[in-house]
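> Let me give you the structure first, and then I'll get to my questions.
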Amino acid sequence: MTNTDRSTVPALFDTYAQALSAIDLDTLADCYSYPALALTRQGRQAVTAPDQTRAFFAANGPRYLARGIVGVRIANLRAAYDSD
């Protein structure tokens, strides 16, 4: 397991952005808590283990690079709440 800094929300997202930019599969998997629910435009999927996260990013990382996405920066973090 990697040493992911999750001490604050900004630290977690900084770690996540760096790992996504590097396609660091172990750190990406360590950023999640399991079980988790992944939601995309294509649907939803239960994610029960870190290996599923690694497999997803291993398959999709090359697609990001092929589209010219070479780095990720997450900015303007702020809490948002549903009124319901």
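The values are calculated or read from the model by the stated rules, or taken from the named source; none is laboratory data. From a predicted model like this one, the values you see are computed outputs, not experimental measurements. Backbone-built Cβ (ideal geometry, glycine too); neighbour counts: all protein chains shown. SASA here: full protein model, heavy atoms, side chains in, ligands and nucleic acids out. Shrake-Rupley method; radii C 1.70, N 1.55, O 1.52, S 1.80 Å.
> I want the local charge near D26. Using Cβ-Cβ distances under 12 Å, sum +1 for each Lys or Arg and -1 for each Asp or Glu among the other residues. Let's see the in-between values first.
Numbers: positive: R54; negative: D24, D30, D51.
Taking every other residue near D26 into account, the sum is -2.
> Given charges of +1 on the Cβ of Lys and Arg and -1 on the Cβ of Asp and Glu, with all other atoms neutral, how large is the dipole of the chain about its Cα centre, in debye to the nearest 20?
Charge dipole of the chain: 360 debye, to the nearest 20.
> Separate question: Mind ranking D30, D14, D51 by accessible surface for me, highest first, 1.4 Å probe? Mind dumping the intermediate values first?
Details: D30 15, D14 85, D51 105 Å².
Correct descending sequence by accessible area is D51, D14, D30.
> Quickly work out the A55-to-Y32 label distance, labels modelled 7 Å from Cα along the C-beta direction, and quote it in nm with one decimal.
1.1 nm
> Further question: Return a whole-number percent for the relative contact order of the chain, with Cα pairs under 8 Å and 6 or more residues apart as the contact set. Mind dumping the intermediate values first?
Numbers: 82 pairs, mean separation 24.9, N = 84.
So the answer I get is 30 percent.
> Another one. When the accessible area of the chain is computed with all protein chains present and a 1.4 Å probe, what percentage of it is carbon and sulfur? Don't jump to the answer; show the numbers that get you there.
Details: 3450 of 6580 Å².
Ligands and nucleic acids excluded, carbon and sulfur give 52 percent.
> Here's a follow-up. Which of the following values of Rg and Dmax of the Cα atoms in Å was calculated from the structure shown: (1) 15.3, 44; (2) 11.6, 34; (3) 13.6, 40?
(3)
> Given a 1.4 Å probe, how much area per residue of the chain is accessible, in Å²?
Details: 6580 Å² over 84 residues.
Counting only protein heavy atoms, the per-residue value for the chain is 78 Å².
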